[in-house]
Structure formats: structure tokens, C-alpha cells
Amino acid sequence: PRVRPLRILGTVLLALVALGIVTFFVSNKRFEWPVVAEYLFNPSVLLGLLTSILLTAVAMVLGTTLGTLLAAGQLSDYWPVRMACMVFVGFFRGVPP
């Protein structure tokens, strides 16, 4: 096996950066870890987490369904459906987030 010094150097640099980030989080007094521990499992925080996960799942299902229907519409032989799907996809590709 060939020794790749740049990969070794890159790995060491990434490990040092990760160690610096962990040290920063652990040793910084401004993070107030007792406050984090107090509110981490607060019911309102957990409800917000559950709501975020639920919205993510709903958005994924709707996005996948709509994307599949639009892709099928673009492959359609019926001209109005194909044009409507192409205009919809083209418009939303051109709109910045």
C-alpha cells in the first residue's frame, strides 16, 4: 500500500480541529451547561422536537409524491399535462429559495 502523506496530514488537521471544537464546548463557561441540562428534557422542548420531526416527515412524503407526479406528468404523451408540469418545475427551479 502506498503512503499518502497529504491524507495523513489532512486527517491529523481534522482531528485537531475536532479536538479544538470539543475543548471549546466543554471548557466555555458561557454555555451554562446546568441550564442546558435543566431544559433539555423540558416538555415544551420535547413537544417542539416532536413537531419538527412530524413536519419533516409530512414534507418528505408530500415532496416525494409531488415530485413523482410531476416527473410522470413530464413523461406524459398528453401535451397540456406535460407543458403544465414542465412550466411548474421550470418556474420553481428558477425561483430563489
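The values are calculated or read from the model by the stated rules, or taken from the named source; none is laboratory data. On a predicted model such as this, the values are computed, not experimentally measured, just so you know. All Cβ positions, glycine included, derive from the backbone under ideal geometry; neighbour counts span all protein chains shown. Each accessible area value is taken on the protein alone, full model and side chains, heavy atoms only, with ligands, DNA and RNA left out. Shrake-Rupley method; radii C 1.70, N 1.55, O 1.52, S 1.80 Å.
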Checked region 13-38 for anything over 25 Å from the mean Cα position of the chain (by Cα) and loosely packed, with under 10 Cβ neighbours inside 10 Å; matches are VAL26, SER27, LYS29, ARG30, PRO34, VAL35, ALA37
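Might you let me know whether region 20-27 holds any residue that is among the polar types (S, T, N, Q), at pLDDT 95 or above and part of a helix (DSSP H, G or I)?
Scanning region 20-27 turns up at least one residue that is among the polar types (S, T, N, Q), at pLDDT 95 or above and part of a helix (DSSP H, G or I).
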- prompt: Quick check, is SER76 out of contact with any strand residue (DSSP E or B) (no Cβ under 7 Å at 6 or more places or on another chain), of a type in the set (S, T, N, Q) and loosely packed, with under 10 Cβ neighbours inside 10 Å?
  reply: no
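Every residue, every condition in (1) assigned to a helix (DSSP H, G or I); (2) open to solvent by less than 100 Å² (accessible area, probe 1.4 Å); (3) among the β-branched types (Val, Ile, Thr), yes or no:
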| residue | (1), (2), (3) |
| --- | --- |
| GLY48 | yes, yes, no |
| LEU55 | yes, no, no |
| VAL58 | yes, yes, yes |
| ALA72 | yes, yes, no |
